[in-house]
Amino acid sequence: YETVVGCLRDVQSSAHQQAGELSLCDITQKGYEKKRGKLLAPYIPQIQGVDPSLQIEHRIQTSSQVAPPGSKQNKPRVANSRDERFRSDLHTEAVQAALAKYTERKMPMPSKRRSVLVQSSVEACTPPDTSSASEDEGSLRRQGRIASSSPYQAHPSVEHWFNRVIQGSSTSSSASSTSSHPGGRPHHATNATSASAATVLADLMAQTQLDNHSAPPDVTGLSERSVHAERPQVASMRGLPRRYTHTSVMETADGVPVNSRVSSKIQQLLNTLKRPKRPPLREFFVDDFEELLDVQHPDPNQPKPEGGEMRPLNGEPLGVVTNWPPSLLASLQRWGTTQPKSPCLTALDNAGKPVYTLTYGKLWTRSQKLSYTLLNKLSTRNEPLLRPGDRVALVFPNNDPVMFMVAFYGCLLAELVPVPIEVPLTRKDAGSQQVGFLLGSCGVTLALTTDACQKGLPKAQTGEVVTFKGWPRLLWFVTDGKHVAKPPRDWHPPIRDASNEIAYIEYKTSKEGSTMGITVSHSAMLAHCHALTQACGYTEGEIITNVLDFKRDAGLWHGVLTSVMNRMHVISIPYSLMKVNPLSWIQKVHTYKARVAVVKSRDMHWSLLAQRDQRDISLSSLRMLIVADGANPWSISSCDAFLNVFQARGLRPEVICPCASSSEAMTVAIRRPPEMGVPPPGKAVLSMSGLSYGVIRVDTEEKLSVLTVQDVGQVMPGALVCVIRVEGTPYLCRMDEVGEICMSSSSTGISYFGLPGMTKNVFETIPVTSSGAPISDRPFTRTSLLGFIGPDNLVFVVGKMDGLMVVSGRRHNADDVVATALAVEPMKFVYRGRIAVFSVSVLHDERIVVVAEQRPDGSEMDSFQWMSRVLQAIDSIHQVGVYCLALVPANTLPKAPLGGIHISETKQRFLEGALHPCNVLMCPHTCVTNLPKPRQKQPEVGPASMIVGNLVAGKRIAQACGRDVSQLEDNDQVKINPFLYMQDVLQWRAQATPDHPLFLLLNAKGTVANTASCVQLHKRAERVAIALMERGRLNAGDHVALVYPPGIDLIATFYGCLYAGCVPVTVRPPHPQNLTTTLPTVKMIVEVSKSVCILTTQAIMKLLKSKEAAAAVDIKTWPLILDTDDLPRKRIPQIYKPPTPEMLAYLDFSVSTTGILAGVKMSHAATSALCRSIKLQCELYPSRQIAICLDPYCGLGFALWCLCSVYSGHQSILVPPLELETNPSLWLSAVSQFKVRVTFCSYSVMEMCTKGLGSQTEALRLRNVNLSCVRTCMVVAEERPRITLTQSFSKIFKDLGLSSRAVSTTFGCRVNVAICLQGTHGPDPTTVYLDMRALRHDRVRLVERGSPHSLPLMESGKILPGVKVIIANTETKGPLGDSHLGEIWVSSPHNATGYYTVYGEEALHADHFSTRLSFGDTQTVWARTGYLGFLRRTELTDASGERHDALYVVGSLDETLELRGMRYHPIDIETSVIRSHKSIAECAVFTWTNLLVVVVELEGSEQEALDLVALVTNVVLEEHYLIVGVVVVVDPGVIPINSRGEKQRMHLRDGFLADQLDPIYVAYNM
């Protein structure tokens, strides 16, 4: 025992010594922690795998939280002594303490382009991961964390799930990457907590060198194994100890080495996402067919109210005063006639000087004049303009209370209803449209204003005031003296007793931003004045200073109405003066010895900041300081801080009187002045977590997440108040339950003007007891205040309905969240009061959004640091995640009339993408806990049972075929049939119809640039063949690359190769302006195709050997290059005859959308079969003309350009697509000029026409462009039909006679270039609508057009003659039933015979061309297209009288994204994203290590870039139930597209990971 004590003494003394060192600043805090850890380590039992320094820290923390005996909490409270726990800076302290609990954690900073930075500074652009490789304890701690089921019940060392903050760039990312290289050994034993974890780590390490075949490790926490140690970081070059760099270049899936900033940031993001989320709430909706939203299961441990049912609370009765006036106007008449000299209102200018004092006499006479003028001098067509009861708008600026008061009482005297509104300054004021809607619904036709104000309003050309957006037409009347007439002697306004007629309408803006008008009757107005007079003890002639807006709310009630009732003198302080001099109201209290002041907590806060230079101020005259927004959570800190400073200047603590009010119920409760002998004020320290469940729990031990509230006094005289449940039936709450305060009184508003339904709900609520009995026969008004009745019958308010955000069933108050955000670094970074908090509904739950204005001098790093700290503080104190945190430049948030933020307008701008933030941080990964469960793949059902199942279900097997070729008689066939080879057909045509024109080539002007008849083409081909044999010395079977622009040379050289027995390969020539990207592709095709010779033009030959080319490729390794510009005129001795039709005719090379270069072999038999099939489908004969606007290098485009005319003899009008860039109308003009019935184009051509000619259809019509001749216009494609593009093309050119049935699409792929093609007969293509959610599960479920989650799919043309199609299961290779999604397999005589070579992927594609079903018809040999689709038997009949089978292509199998166990097609996500904002020109998505990356092209100003982040994240969550990991905003044209107009998503991915995109902004979602 003694030894233990001795040891402890030693430790204690050296710990003291260290603490001394720390205070003397000899040792850094970090060093101190380390030393302390070492010292205490031997004496603390080691918890396995946990860093000892952690335990101590938590021991010490826990012990310090236990209050020592005799501490402040235990002392009895002395009346009015200021309790420590109610200090005003308590919240700031709590937040700082919460932040201190977090260890430093890395979050990837978003990257911005320089021009987007508000202030660009060097540090702002350096990524946070360039730090040194020092080990720090933060990084150790997080590696040694124990995984536990819930972070809350865990060992105290488990920090909150959200500890990720960058505080400076001193923390190091290396600690988490040390174990990630195959050669690296972990630095510390703490890295692996157990043997099993170490083996898991080793497994993962093996995967870090990514290659094509191993999937990247799943790091988004969806995997089920729990790994104790952190998963390794896929290494990036930065932040690594030097000795590892040789192994650190990792590769992406396509072998692009990545050592860039981007991937390391993504890696950081993955690391932050790996932390456990808060325990998932049971509210998944099962994403199955019916997709049920799970009923929310409340947490069984949540606190429930336990108190008895509350009893309604009565205010004291309204006193009966003998000489009480029968109406407000009666008291105006009384004071105006008996005390005319008595001052009523003093107005101040912006320097604080009194400009005018209105006396009661003046108020009386001037309002009489105005009322007489309004009733008698305004007329239209000899009818008076206004009748009693009409509503009139009052538009007065905030610095002119005198004119307003005269106008208000003038209207009341004329029995008109004033509707006071704000002065509209511009046509686009925040919320102005809604105000217009209110005026329209109130039937307002006249607006009263002052002369100065009318001059300042925006004018139209005529000099009249413009009509504001959404406003009714108004007549503006100026109420200044010269415009009003003196009434005759015998005219007197009627002074009636207060009735239930409407006296005035006060406007209010709801949470959604709509504006409602609350009607107040004459009797309610009088009763409210009566009640306020009694509650505040107002006496005649008192002086009151009013800082509030006198047009509505407390400013109107105290400063315009009750003041007149009691002949008080109001000193009105305009908002503009407060902005210049925040102390002005205090100075006026001092100067005028005012007894009462009406302020908001903001005014108290402002005056604190400015009070230093004021000495001689006394507030001793005040008997009441009414705090109008006393119900706000931060009002208490303003009150306390104000009292602390001004108590020395004569302010008595008991005169501070917070009050609670709402537009509907007017004043609900107010703290009485001290002379009334009321109980002392109360304060409550409530648990935030309890409040979020609607329960009041006085918080005892936890000092962090508490809300301190002050009471707002007693219920108003003559009122009955109760608290009811917020949702559903208005049951009374229990004593310890928070609910909505309701009030029944003669002094509340009576309705929302013109909204009877809402009025019934709010103004006529009948609260009931738990047994369902109504508590009173009087209706109650809902006040929209949330609160409870505390001890001494004091009313406490904890929030407002408008600020209520219900997230996953828990309630949070916007104002509380604002208070927490402000406490993070008060005033340093964000302007106080310039923070908006609201919730948006995304994916069936509310999500919290925080928007703040940052100061202009904040650096990028500051802002990011502040944001990450705010996220932690809110998480720690409110236990709720923030979905989006946005910072906007100073002064850009929409303002409310008196300086606050217009919340609903801010929310509107956020949702419309018009907020233009300069910094955004989205945290969907942490907030969104209600995603559907990831789909578990079912144990695979065998193919045989599938067939049986389909038979039982009565479904047919999904297969279909085109017409049978053998039975189709063809008048040409007898002549052509002997010819198996294309070269024979050309030779025969050159003899039979030598001068028949086969080709016409058009140039950009639309004139014929070149033609070829049968014989011309034949002779030209002969010359090419001789050149190949003589100059090139080529042998039969050699491969020849043809590098030509689209034209007749290409066709002639193709046949020349066939004549010589060579195998042609058509290659798109390099682009002279863009050699660096286009030339390597040419080189690659030449090499991969093993071409021994290149045929081309002289110009291109020069280009291939130029200096510029040498910079892009090795030009010394080109094979022999021959130019064909001038060839010898020789005849060929004989044309080459292949020994069998199965011999190779040509190679077709194309780059797939996944970026794979694939060449397929076409035999002579397949080539002839292809031509024959197309000839039959399109009814092509020598007398026909067709127009082709396609690239002639691969696929169906090549076949139509080079083969079909020679085979069928029809004339082809060739339009090179490149020429459309200079003349977009070229193709359509040609179609019209040659009266073409059949035409082919590509999607890019169609897009050029819709974008370039959309507005020019009228001009085209004047040039006689007429498209009524077109029977069928086919888009050649290898993808799902782009239905929106084809529809808009049809709509635009309908004006030029294009039939709505003409446009259709074709479908081909690598294994078969023409599977479907509409042709000239057969039924029109059909469109079906699919349920997108079922599609993700590989199921096809048809829905009605327009139903939610529906996806339109158009049939891809008709199946060609001789083609058979079946739908097969991708995994089991068994046949599928009708309407099942599977891979399209095709069997036809024109299938390609195989890949010539697939660059780098030979093994993968062996079975693509010859595969058999695993069950059913196992004999037929099929080719796998690699596309998913389905067949559906329609009600239509085809030419043979059979029911027509339609083939629908959904998308490429290689392109699909497997996320959350479901299959997504990128195009669907992209379509949603493009719809989300008008400035998104194009979009592409891909995945990287299970993160969804969305790249959007921004067509607009760069300041819109950050608006897109939230919109993109929202739409993908809403429509696809996916969380976007990274949003990349780039310039238009960055997303690469191939010649067919298909996006090259894999190239884009490689470019992104290699940091080559120069993005405008990259956002990493947390």
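Can you say whether PRO1389 is over 40 Å from the mean Cα position of the chain (by Cα) and open to solvent by less than 10 Å² (accessible area, probe 1.4 Å), as far as the supplied structure shows?
For PRO1389, the condition - over 40 Å from the mean Cα position of the chain (by Cα) and open to solvent by less than 10 Å² (accessible area, probe 1.4 Å) - is not met.
For region 1289-1312, name all the residues that are in contact with a His (Cβ under 9 Å, 6 or more places away or on another chain) and open to solvent by 10 Å² or more (accessible area, probe 1.4 Å).
ARG1310
Are there any pairs with C-beta distances below 9 angstrom linking a residue in region 299-327 that is free of Cβ contacts under 8 Å to residues at least 12 places away in the same chain and of a type in the set (S, T, N, Q) to a residue that is surrounded by 14 or more Cβ atoms within 10 Å (Cβ to Cβ) and assigned to a loop (DSSP other than H, G, I, E, B), with the two at least 6 apart or on different chains, and if so which?
none
Out of region 533-591, which residues are polar (S, T, N, Q), in contact with a strand residue (DSSP E or B) (Cβ under 8 Å, 6 or more places away or on another chain) and over 26 Å from SER663 (Cβ atoms)?
Scanning region 533-591 gives a single hit, SER584.
Out of all the residues in region 1478-1502, which are part of a loop (DSSP other than H, G, I, E, B) and under 19 Å from ASN1565 (Cα atoms)?
Across region 1478-1502, the qualifying residues are THR1489, ASN1490.
Could you grab the pairs with beta carbons closer than 8 Å, sequence gap of 6+ or different chains, first residue in region 1330-1347 and open to solvent by 70 Å² or more (accessible area, probe 1.4 Å), second one at pLDDT 85 or above and not in a strand (DSSP E or B)?
Between residues of region 1330-1347 that are open to solvent by 70 Å² or more (accessible area, probe 1.4 Å) and residues that are at pLDDT 85 or above and not in a strand (DSSP E or B), the close pairs are ARG1339/LEU1381.
Answer with yes or no whether CYS1273 is surrounded by 20 or more Cβ atoms within 10 Å (Cβ to Cβ) and either more than 19 Å from VAL1449 (Cβ to Cβ) or modelled with pLDDT under 90 (or both). So that I can check it myself, show each step before the final result.
Values: surrounded by 20 or more Cβ atoms within 10 Å (Cβ to Cβ): yes; either more than 19 Å from VAL1449 (Cβ to Cβ) or modelled with pLDDT under 90 (or both): no.
When the stated conditions are applied, CYS1273 does not pass them.
Identify the residue in region 1285-1334 that is assigned to a helix (DSSP H, G or I) and of a type in the set (Val, Ile, Thr) and, among all such residues, is farthest from LEU1262 (Cα to Cα).
Taking region 1285-1334 as the starting set, the residues that turn out to be assigned to a helix (DSSP H, G or I) are 1285-1296, 1332-1334.
Retained after the next criterion (residues that are of a type in the set (Val, Ile, Thr)): 1286, 1292.
Details: THR1286: 24, ILE1292: 16 Å.
Among them, the one singled out is THR1286.
List the residue pairs whose Cβ atoms are under 8 Å apart, where the first residue sits in region 333-362 and is free of Cβ contacts under 8 Å to residues at least 24 places away in the same chain and on the phi < 0 side of the Ramachandran plot, the second is open to solvent by 10 Å² or more (accessible area, probe 1.4 Å) and of a type in the set (Asp, Glu), and the two are 6 or more positions apart or on different chains.
These pairs meet every condition: VAL355/ASP349.
For region 762-778, name all the residues that are assigned to a loop (DSSP other than H, G, I, E, B), open to solvent by less than 30 Å² (accessible area, probe 1.4 Å) and not polar (S, T, N, Q).
Correct list: PRO767 only.
In region 839-859, which residues are part of a strand (DSSP E or B) and closer than 18 Å to ASN919 by Cβ?
In the first step, residues of region 839-859 are kept if they are part of a strand (DSSP E or B); the result is 839-841, 846-854.
If the condition is that a residue be part of a strand (DSSP E or B) and closer than 18 Å to ASN919 by Cβ, then ILE848, VAL849, VAL850, VAL851, ALA852, GLU853, GLN854 are the ones that fit.
Can you tell me which of THR1437, THR1456, THR1489, THR1471 is more than 25 Å from GLU1371 (Cβ to Cβ) and either small (Gly, Ala, Ser) or within 26 Å of the chain's Cα centre (by Cα) (or both)? It would help to see each step written out before you state the result.
Numbers: THR1437 fails: either small (Gly, Ala, Ser) or within 26 Å of the chain's Cα centre (by Cα) (or both); THR1456 fails: more than 25 Å from GLU1371 (Cβ to Cβ); THR1489 fails: more than 25 Å from GLU1371 (Cβ to Cβ).
That would be THR1471, the only listed residue that is more than 25 Å from GLU1371 (Cβ to Cβ) and either small (Gly, Ala, Ser) or within 26 Å of the chain's Cα centre (by Cα) (or both).
Could you check GLY389 against (1) modelled with pLDDT of 90 or more; (2) at negative phi and say which number it fails?
Status for GLY389: all satisfied but (2).
Identify, please: which residue in region 1216-1231 is in contact with a Gly (Cβ under 9 Å, 6 or more places away or on another chain) and surrounded by 21 or more Cβ atoms within 10 Å (Cβ to Cβ) and is, among those, nearest to VAL1313 (Cα to Cα)?
The residue in question is PRO1216.
Within region 1046-1067, how many residues are surrounded by 21 or more Cβ atoms within 10 Å (Cβ to Cβ) and assigned to a loop (DSSP other than H, G, I, E, B)?
2
Among the numbered criteria (1) out of contact with any Pro (no Cβ under 7 Å at 6 or more places or on another chain); (2) open to solvent by 10 Å² or more (accessible area, probe 1.4 Å); (3) modelled with pLDDT of 85 or more; (4) farther than 30 Å from ARG1460 by Cα, which single criterion is violated by GLU905?
(1)
Kindly establish whether ALA641 is open to solvent by 10 Å² or more (accessible area, probe 1.4 Å) and in contact with a Pro (Cβ under 6 Å, 6 or more places away or on another chain).
It is false that ALA641 is open to solvent by 10 Å² or more (accessible area, probe 1.4 Å) and in contact with a Pro (Cβ under 6 Å, 6 or more places away or on another chain).
Could you please give the count of residues in region 401-438 that are touching a Ser or Thr at 6+ places or on another chain (Cβ under 6 Å) and closer than 24 Å to GLN333 by Cβ?
Of the residues in region 401-438, 8 are touching a Ser or Thr at 6+ places or on another chain (Cβ under 6 Å) and closer than 24 Å to GLN333 by Cβ.
So which strands (runs of 3 or more DSSP E) are wholly in region 1069-1170 and hold at least 3 residues that are open to solvent by less than 20 Å² (accessible area, probe 1.4 Å)?
The qualifying strands (runs of 3 or more DSSP E) are 1093-1096, 1144-1151, 1157-1163.
What number goes with the only condition from (1) within 24 Å of GLY308 (Cα to Cα); (2) of a type outside the set (D, E, K, R); (3) open to solvent by 10 Å² or more (accessible area, probe 1.4 Å) that ILE750 does not pass?
(1)
Quick check on my filter: what residues within region 1257-1270 are over 20 Å from SER1300 (Cβ atoms) and either of a type outside the set (S, T, N, Q) or open to solvent by less than 80 Å² (accessible area, probe 1.4 Å) (or both)?
Matches in region 1257-1270: ALA1259, LEU1262, ARG1263.
Could you check, for region 477-494, whether at least one of its residues is surrounded by fewer than 13 Cβ atoms within 10 Å (Cβ to Cβ), under 30 Å from LEU318 (Cβ atoms) and touching a residue at least 40 places away in the same chain (Cβ under 8 Å)?
Yes, region 477-494 has at least one match.
Please identify the pairs in which a residue from region 1544-1566 that is at negative phi and free of Cβ contacts under 8 Å to residues at least 24 places away in the same chain has its Cβ atom under 8 Å from the Cβ atom of a residue that is open to solvent by 10 Å² or more (accessible area, probe 1.4 Å) and not in a loop (DSSP other than H, G, I, E, B), counting only partners at least 6 apart or on another chain.
none
Quick one: count up the residues across region 820-856 that are charged (D, E, K, R) and over 17 Å from the mean Cα position of the chain (by Cα).
6
Within region 454-471, can one find any residue that is closer than 30 Å to GLN333 by Cα, in a strand (DSSP E or B) and of a type in the set (A, V, I, L, M, F, W, C)?
The answer is no, given that none of the residues of region 454-471 is closer than 30 Å to GLN333 by Cα, in a strand (DSSP E or B) and of a type in the set (A, V, I, L, M, F, W, C).
Cβ-Cβ under 6 Å, sequence separation 6+ or interchain: first residue in region 1422-1438 and more than 24 Å from HIS1337 (Cα to Cα), partner open to solvent by 10 Å² or more (accessible area, probe 1.4 Å) and among the hydrophobic types (A, V, I, L, M, F, W, C). Which pairs?
Note: pairs meeting the criteria are ALA1423/PHE1409.
What about GLU316, is it of a type in the set (Asp, Glu) and closer than 24 Å to ALA498 by Cβ?
Answer is yes for this residue.
So, ILE789, is that one touching a residue at least 60 places away in the same chain (Cβ under 8 Å), more than 31 Å from the chain's Cα centre (by Cα) and under 20 Å from ASP711 (Cα atoms) or not?
The answer is yes for ILE789.
The values are calculated or read from the model by the stated rules, or taken from the named source; none is laboratory data. Note that the structure is predicted; figures quoted are calculated from it, not measured. A quick note on method: Cβ atoms are made from the backbone with ideal geometry, for glycine too, and the neighbour counts reach across all protein chains shown. These accessible areas exclude ligands, DNA and RNA; they are computed on the full protein's heavy atoms, side chains included. Shrake-Rupley method; radii C 1.70, N 1.55, O 1.52, S 1.80 Å.
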